[in-house]
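Coordinate-derived values only; no laboratory data. These numbers come from a predicted model, not from an experiment.
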Amino acid sequence: MSRPQIDFLEPWIPETSLIFLEELYNELPNNHILYGAELNVIARRLDKDEVLFQFQENSNKYVQVHLTWKQDKETNPWPLFILFNSFDDWVNQVMVLDNKENLVQ
């Protein structure tokens, strides 16, 4: 897996801790679209429970997930998620906008 080489903009920071992956797997119900997906932790948002993951089988695809920290199975559609076809898509659709919003506050 090749991790994106980028300076993350606030409120996003790079992340590698497996605690986020473990929590995601704890929350995923068996009928969730992400159930069984092999993912790597890439980044997280400091002020919210948003985490960016990269798919292991297709390193060009990413998913941003809202973790609930229930520490147990959720009911579909939770945890909520957004799929991205590339890291650049995520940067332009999420990180840049979140950074602008963060600067205004």
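The table below lists the values:
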{"read-out": "Zero-based 10 Å bins, Cα pair distances in the range 64-103, whole percents", "value": "26, 38, 31, 5"}
{"read-out": "Computed [θ] at 222 nm, deg cm²/dmol, the chain (DSSP H ≥ 4; -39,500 (n - 2.57); rounded to nearest 500)", "value": "-5500 deg cm²/dmol"}
{"read-out": "Alpha-carbon centroid distance for the pair the range 86-102 / the range 1-45, whole angstrom", "value": "16"}
{"read-out": "Shape category assigned to the range 12-104 from the gyration tensor of Cα positions, a/c cut at 1.5", "value": "prolate"}
